[in-house]
Amino acid sequence: MIRGILPALLAALAVPPALAQADRPATLPTRDVDVTYQAGQGDRTVSQRSRWSAAERKMRLDTPTPGVYAIVDYAAGTLAMVSERSRGVLDLPVPAGGLPGQAAPGAFTRRGSSQVAGLPCTEWETRDLQGQATLTCFTEDGVLLEARHGAQVLVQATRVAYGALDASAFAVPSSYTHGTPQAAPPGSSR
């Protein structure tokens with residue numbers, strides 16, 4: 001369920017927008033945007049939608065599994081996986097590197113420019129959370145258009161639409177049952 005684009009987005013977004021400078025990209029959008037991504041997953045490609053609400057500082061990631069999505073709330077510092085089918089919410093711990101765009105600043109090296117999904121972007125080389133070199137391409141206003149390791153494309157935007165988004169898309173349903181991941185018993189491996 002979390003495979004696909006969510007881990008790639010978490011790894012690619014490594015610097016807070018406040019630190020965006022000439023030597024670092026803005027890594028969170030500065031305005032509302034709705035992006036459709038394609039990602040390679042073994043021998044197949046999956047599609048995933050990402051929406052950003054600038055006013056609410058929330059991101060919604062619709063996974064390739066219908067009815068399953070993640071809500072990342074930057075103001076509250078939370079990450080929730082929602083399943084419409086089970087009417088449940090899994091409240092997840094914040095990843096070790098922080099929320100996307102909130103990790104400790106990393107070194108970025110400007111590599112050039114490109115165009116993805118009809119938009120210009122700047123290519124930046126950095127290291128992902130596992131230390132692997134990652135080439136990212138961000139628009140000037142902080143939209144990730146592409147991330148890749150070498151020739152392997154991790155994520156690539158296929159459609160980008162700017163404009164006001166409905167706040168209800170970013171709300172975790174209050175009537176759903178909340179839970180947390182269960183810890184593995186001591187001495188066991190998952």
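Is at least one residue of region 36-43 at pLDDT 90 or above and either touching an Asp or Glu at 6+ places or on another chain (Cβ under 7 Å) or farther than 26 Å from A107 by Cβ (or both)? Taking every residue of region 36-43 in turn, at least one turns out to be at pLDDT 90 or above and either touching an Asp or Glu at 6+ places or on another chain (Cβ under 7 Å) or farther than 26 Å from A107 by Cβ (or both). The residue that is modelled with the highest pLDDT, counting only those in region 22-35 that are more than 25 Å from G163 (Cα to Cα) and of a type outside the set (K, R), is D23.
Residues in region 39-57 that are within 17 Å of V155 (Cβ to Cβ), of a type in the set (G, A, S) and crowded, with 16+ Cβ neighbours inside 10 Å: A39, G40, S50. Scanning region 58-67 for residues that are surrounded by 18 or more Cβ atoms within 10 Å (Cβ to Cβ) and either assigned to a strand (DSSP E or B) or β-branched (V, I, T) (or both) yields a total of 6. Filtered by the rule that a residue be under 14 Å from R127 (Cα atoms) and either modelled with pLDDT of 90 or more or charged (D, E, K, R) (or both), region 145-159 gives A147, R148.
Scanning region 73-82 for residues that are touching a Gly at 6+ places or on another chain (Cβ under 9 Å), without any contact (Cβ under 8 Å) to a residue 60 or more places away in the chain and assigned to a strand (DSSP E or B) yields nothing. Looking across region 140-155, the residues that are within 19 Å of R57 (Cα to Cα) and surrounded by fewer than 19 Cβ atoms within 10 Å (Cβ to Cβ) come down to E140, D141. Within region 160-190, the set of residues being aliphatic (A, V, I, L, M), surrounded by fewer than 20 Cβ atoms within 10 Å (Cβ to Cβ), at pLDDT 95 or above and in contact with a Lys or Arg (Cβ under 8 Å, 6 or more places away or on another chain) comprises just one member, A169. Scanning region 112-144 for residues that are part of a strand (DSSP E or B), in contact with a Cys (Cβ under 8 Å, 6 or more places away or on another chain) and either among the polar types (S, T, N, Q) or modelled with pLDDT under 90 (or both) yields S113, S114, Q115, T122.
I'd like the residue in region 21-57 that is among the acidic types (D, E) and in a loop (DSSP other than H, G, I, E, B) and, out of all such residues, is nearest to A171 (Cα to Cα).
E56
Out of the residues in region 153-172 that are touching a strand residue (DSSP E or B) at 6+ places or on another chain (Cβ under 7 Å) and part of a loop (DSSP other than H, G, I, E, B), which is nearest to L28 (Cα to Cα)? Taking the candidates together, the pick is L165.
The values are calculated or read from the model by the stated rules, or taken from the named source; none is laboratory data. Given the structure is predicted, the values throughout are model-derived calculations rather than measurements. Neighbour counts run over all protein chains shown; Cβ positions are idealised from the backbone, glycine included.
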